[in-house]
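Undergrad: Following this message is one structure expressed as structure tokens.
A short reminder: the numbers here are calculations on the coordinates, not readings from a lab. Predicted, not measured: the structure shown is a model, and the values here were computed from it. Positions of Cβ are generated from backbone atoms using ideal geometry, with glycine treated the same way; all protein chains shown enter the neighbour counts.
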Amino acid sequence: MTKKARKDEPEGGTEETGVSANSERTNVSISREEYKAELRLLQVELVKLQRHFIRCGDRILVLLEGRDSAGKDGSIKRIVEHLSPRETRVVALGKPSDRERRGWYFQRYVAQLPVAEELVLFNRSWYNRAGVEHVMGFCSKDEYEEFMQSVPQFEEMLVNSGIKLLKYYLDIGKDEQTRRLADRKRDPLKQWKSSPIDAVALKHWKAYSEARDAMLLRTHTAIAPWHIVHADNKRMARLNLMRDILSRLHYEGKNSKLVQPDADVAFEFTPDCIDAGALAR
């Protein structure tokens, strides 16, 4: 289904494919027609999944993390496009209020957890504390350390309560992030995505890499493992994220062959991923 990037593709990549000519980790592309056809099939599988978890009263929680411009918004848009809005929620919380800052860190996230028959996707989550808050100095060292020690226990409680928890980190290279952030500034339809944090994202690239590595190493557990999605190629990232989600959840009528992700694009994190260069440096 995949093929080498086409010669007529612009040198810097396109918004649809997200293929960067300078990215060593992206060496395949997929035509628009193939992408649309595959996307529709996977969206049909998502509808099957929703019908099943509504019938069974399941609670599904998907966390999406990644650097600015990693493709979280676009991936979520395709996942929820044809799902029932009554049983589907997207959570993208803004910065906490002064009152929330003085409360239990997880409290405002608990209020957003899925109830029976519901799928909830977090576009960034409590892991803000392990990433942007830590790198930008928005939390103290003690608050950061308390979070890193508490989050495995918190997630174990969620899973033991019956919530089906899936955690994904969308990983992009520095060249690709540079291209996407520049594209945001040029495109008037994307300027709502720009923030002061974007302006310093590249400046703090190394610090974000170190924070990502620490987060993955310390919060990857058997009961709530992390999964990585290589996201330089937007089309392949979206399709394989959807496949991976579908492959990990039980539902009637599953097309098992269709939902198997490409292991070069989506895979479970292991500590040796860092030394093996499986993540962007």
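Undergrad: Using Cα centres only, tell me the gap between the range 164-180 and the range 227-251 in whole Å.
TA: That distance is 12 Å.
Undergrad: Related question: At 7 Å along Cα-to-Cβ for each site, give me the label-to-label distance between E156 and R218 in nm.
TA: 1.7 nm
Undergrad: Would you mind working out the magnitude of the charge dipole of the chain relative to its Cα centre, with +1 at each Lys and Arg C-beta and -1 at each Asp and Glu C-beta, to the nearest 20 Debye?
TA: Here the chain has a charge dipole of around 740 debye.
Undergrad: So how do 121-134, 213-226, 85-98, 150-163 stack up, highest first, on mean other-Cβ count within 10 Å?
TA: Those peptides, ordered most packed to least, come out 121-134, 213-226, 150-163, 85-98.
Undergrad: Expected output is a single nm value to one decimal: the length gained when fully extending between I54 and A116, i.e. 0.36 nm times separation in residues minus the C-alpha distance. What is it?
TA: Stretched fully, the I54-A116 segment lengthens by 21.6 nm.
Undergrad: Under 1.5 on a/c is rounded, so check that first for the range 28-139, then, if it is not, pick prolate when a/b is larger than b/c and oblate when it is not; a ≥ b ≥ c are the square roots of the alpha carbon gyration tensor eigenvalues.
TA: oblate
Undergrad: Give the lysines reachable from K95 as a straight Cα distance under 25 Å; neighbours fewer than 8 places away on the same chain don't count.
TA: Correct list for K95: K72, K77, K141, K167, K185, K190, K193, K203, K206.
Undergrad: Mind checking the full-extension length gain between K95 and D198? Use 0.36 nm per residue of separation minus the Cα-Cα distance, one decimal, nm.
TA: Full extension of this stretch gives 35.6 nm more.
Undergrad: Taking square-rooted eigenvalues a ≥ b ≥ c of the alpha carbon gyration tensor, is the range 98-234 rounded, prolate or oblate, where a/c under 1.5 means rounded and, failing that, a/b exceeding b/c means prolate?
TA: It is prolate, given that a/c is not under 1.5 and a/b is the larger ratio.
Undergrad: Right, here's the next one. If a/c stays under 1.5 just call it rounded; otherwise compare a/b with b/c (prolate if a/b is bigger, oblate if not). Do that for the chain, with a ≥ b ≥ c from the square roots of the Cα gyration tensor eigenvalues.
TA: In terms of gyration-tensor shape, oblate.
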